[in-house]
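None of the figures in this text is laboratory data; all of them are computed from the coordinates on show. Keep in mind it's a predicted model, so treat the numbers as computed, not measured. Positions of Cβ are backbone-derived with ideal geometry, glycine not excepted, and every protein chain shown enters the neighbour counts.
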Amino acid sequence: MTRPAEIDVEMIIEHDAESRPTDYLFQDPQYQHEDDARLAAWRNDEWHFVGVRAKATIKFPYGVNPDCWITSKLLSPGLWGIESDSGDAYFQEVYQEERAILIGMIASLKIYKLSTPPITTHQGGSP
């Protein structure tokens with residue numbers, strides 16, 4: 001009997017060093033005062049940007065010993081530029097979307113095409 005692979009999926013929140021508040025602040029003059037306060041809070045390290053991803057840890061059975069596994073990890077693309085003080089409910093909402101993407105990625109592996117040619121070896125002499 002073939003053992004099934006085991007998959008554990010978890011939420012990962014990572015620092016997003018690429019995003020800046022000026023990417024979206026100061027677009028509406030009506031909110032100038034609020035945008036100034038938000039930018040000042042960011043500069044004072046009161047909040048930062050993060051990305052939310054889903055990470056699958058996949059255990060592939062290896063050999064006949066039930067304690068032998070090959071472990072690999074697969075990450076969803078993630079949603080980036082999220083304000084760190086957005087709240088747990090929003091992080092969970094984004095995670096559920098990322099989890100669905102990740103499960104779709106895993107499901108797509110049922111049918112695959114190798115894009116690299118097979119490895120050939122040469123015995124003796126030059127190739």
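Some points to look at:
- Applying D = kT/(6 pi eta Rh) to region 11-50, where Rh is the Kirkwood radius over alpha-carbon pairs, T corresponds to 20 °C and eta to 1.002 mPa s, the Stokes-Einstein value obtained is 193 µm²/s.
- Gaussian network model of the chain, Cα within-10 Å springs - most flexible of 39, 114, 74: 114
- The local environment of residue 72, defined by Cβ-Cβ distances under 13 Å, has a net charge of +1 under the rule Lys, Arg +1 and Asp, Glu -1.
- Basic side chains Lys and Arg get +1 at the Cβ, acidic Asp and Glu get -1 at the Cβ, and with that the dipole of region 41-127 about its Cα centre reaches some 660 debye.
- Farthest toward positive dipole pole in the chain [+1 Lys/Arg, -1 Asp/Glu at C-beta], among 17, 101, 90: 101
- 222 nm mean residue ellipticity, helices alone, for the chain (DSSP H n ≥ 4; -39,500 (n - 2.57); rounded to 500): -8500 deg cm²/dmol
- Each principal axis of the Cα atoms in the chain has its own extent, and those three values, largest first, are 73, 43, 26 angstrom.
- Base-10 log of normalised Debye intensity for region 39-78 (one unit scatterer per alpha-carbon) at q = 0.15, 0.33 Å⁻¹: -0.58, -1.01
- Relative contact order of the chain, taken over Cα pairs closer than 8 Å and 6 or more residues apart, is 26 percent.
- Other residues whose C-beta falls under 11 angstrom from the C-beta of residue 58 contribute a net charge of +1, scoring Lys and Arg +1 and Asp and Glu -1.
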